[in-house]
Amino acid sequence: MHSETKGPVATEIEARLTAALSPARLAVINDSAKHRGHTGDDGSGESHFTVEIESAAFAGQNRVQRQRMVNQALGDMMRDTVHAMAIKARAPGE
Amino acid sequence: MSDDAQARIDELVKANHVLLFMKGTPLFPQCGFSSRAISILDHLGADYETVDVLQDQGIRQGIKEYSDWPTIPQLYVNGEFVGGSDIMMEMYEAGELHTLFAGKGAAQAG
């Protein structure tokens, strides 16, 4: 929605997911404004995200496995940088 | 990792048919994702227990290692890890969560 004002965290999320999962479709949506002043708002404006990702790598993988693949691709970002992330992972054709 | 925390988590997971590790309590969830998980469980009329990880640092860290899952909430049914709030929502929308509770709940009745 505001891709032209994408911050460094969103850009890094996109880069890591693209490198690891070669997505056919990828949207990294910054929800942080909705959580301003709540727990986990670190003032960066990049603490809460929704990721919608479609990748052939998810075919034959169950929901838990798909999220593990996303979490693995993001690595230390999930622990250190991102407070909250909603993940929607699909294989093509689903 | 504390072995004590792992043992306590294992005990909790095995002792409760439907167990949600969450931040806060069902009445006062301290995080949007935990709040959403509770809404889903309540909507399905599930008979569940919760553990507030904010009250116990050992469990808060340990639960992430127990299931190799980096986030909270986490749902366990019949001792098995089901997923976090995104997976709960997807399973709810697909009618799968209802089946999971109904099927296994019936088997446990009595």
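The values are calculated or read from the model by the stated rules, or taken from the named source; none is laboratory data. Keep in mind that what you see is a predicted model, and the values were worked out from it rather than measured. When we count neighbours, we look across all protein chains shown, and the Cβ atoms used for this are built from the backbone with ideal geometry, even at glycine.
Before we move on, is A:Asp41 of a type in the set (Asp, Glu), farther than 30 Å from B:Glu80 by Cα and touching a helix residue (DSSP H, G or I) at 6+ places or on another chain (Cβ under 6 Å)?
yes
Looking at the stretch A:65-84, can you tell me whether even one residue there is modelled with pLDDT of 95 or more and over 15 Å from the mean Cα position of the chain (by Cα)?
Checked against the condition, which is being modelled with pLDDT of 95 or more and over 15 Å from the mean Cα position of the chain (by Cα), the stretch A:65-84 yields at least one hit.
Go through the stretch B:17-68 and give me each residue that's out of contact with any Pro (no Cβ under 9 Å at 6 or more places or on another chain), closer than 22 Å to A:His48 by Cα and touching a residue at least 40 places away in the same chain (Cβ under 8 Å).
Correct list: B:Ile40, B:Gln61, B:Ile63.
Quickly run through the stretch B:59-70 and pick out the residues that are modelled with pLDDT under 95 and touching a Lys or Arg at 6+ places or on another chain (Cβ under 8 Å).
B:Asp68, B:Trp69, B:Pro70
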